[in-house]
Amino acid sequence: MTTIVLVRKNNEVVVAGDGQVSMGNTVIKKTANKVRKIEKRNVIAGFAGSTADALTLFERLESKLEKHAGNLARAAVELAKDWRTDKYLRRLEALMAVGDKENSFIISGTGDVLEPEGDVIGIGSGGNYALASAKVLMDTDLSAEEIAKKAIKVASEICVFTNNNLNIEKI
């Protein structure tokens with residue numbers, strides 16, 4: 001379980017995630033990094049779900065981006081197709097929030113590639129709390145990074161599977 005929020009505001013895209021890894025009701029790690037940047041392609045991603053599964057999917061996304069010359073929309077659709085049809089990948093349990101300068105997507109294990117309305121995505125156990133918080137803060141003078149930080153903080157105060165050890169990437 002985790003909380004990831006993606007915020008797009010004033011030409012800035014930020015993905016923030018908490019650092020908690022839980023096994024059942026036990027906290028295993030407080031400082032995990034569930035947010036990554038693909039430097040060559042200026043893409044950032046956050047993962048919710050099984051850590052090993054999420055890292056596998058991140059590597060697959062990176063290779064799809066390379067194959068499709070950095071076109072995030074195409075890479076996301078191709079990854080989702082693989083995820084849905086490949087016997088091994090179908091067993092992976094994770095969600096991804098990904099973004100570049102133009103696009104933001106949720107990629108799910110059921111083969112969905114969703115482009116949510118608005119400029120905020122929230123996924124994971126505390127995703128709805130972070131999403132609601134960030135949506136309210138979008139009308140303020142806060143930057144995308146400040147909104148993401150506050151959204152994770154709110155989620156960490158409500159969701160027992162979320163902490164306030166932040167990892168942030170921005171483009």
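Sort out which residues of the stretch 126-137 are surrounded by fewer than 22 Cβ atoms within 10 Å (Cβ to Cβ) and either within 8 Å of residue 4 (Cα to Cα) or among the polar types (S, T, N, Q) (or both), and write them in order of number. Across the stretch 126-137, the qualifying residue is only 128. Output yes when any residue across the stretch 91-100 is closer than 21 Å to residue 21 by Cβ, over 12 Å from the mean Cα position of the chain (by Cα), outside any helix (DSSP H, G or I) and at pLDDT 95 or above, and no when none is. Checked against the condition, which is being closer than 21 Å to residue 21 by Cβ, over 12 Å from the mean Cα position of the chain (by Cα), outside any helix (DSSP H, G or I) and at pLDDT 95 or above, the stretch 91-100 yields no hits at all. Being part of a helix (DSSP H, G or I), more than 15 Å from residue 47 (Cα to Cα), at pLDDT 95 or above and of a type outside the set (Phe, Trp, Tyr) is a property that does not hold for residue 130.
Among the residues of the stretch 147-167, those identified as within 11 Å of residue 7 (Cα to Cα) and either part of a loop (DSSP other than H, G, I, E, B) or not charged (D, E, K, R) (or both) are 147, 148, 151.
Selection within the stretch 36-54: residues that are part of a helix (DSSP H, G or I) and surrounded by fewer than 15 Cβ atoms within 10 Å (Cβ to Cβ). The member of this set that is modelled with the highest pLDDT is 40. The number of residues in the stretch 104-127 being over 23 Å from residue 53 (Cβ atoms) and not in a strand (DSSP E or B) comes to 3.
Return the residues of the stretch 20-48 that are farther than 18 Å from residue 99 by Cβ and either within 13 Å of the chain's Cα centre (by Cα) or among the basic types (Lys, Arg) (or both); say none if nothing qualifies. Passing the criteria: 29, 30.
Among the residues here, residue 58 qualifies as part of a helix (DSSP H, G or I), crowded, with 17+ Cβ neighbours inside 10 Å and under 13 Å from the mean Cα position of the chain (by Cα).
The values are calculated or read from the model by the stated rules, or taken from the named source; none is laboratory data. The model shown is predicted, which means the values in this text are computed figures rather than measured ones. Counting neighbours? That spans all protein chains shown, and the Cβs are built from the backbone with ideal geometry, glycine included.
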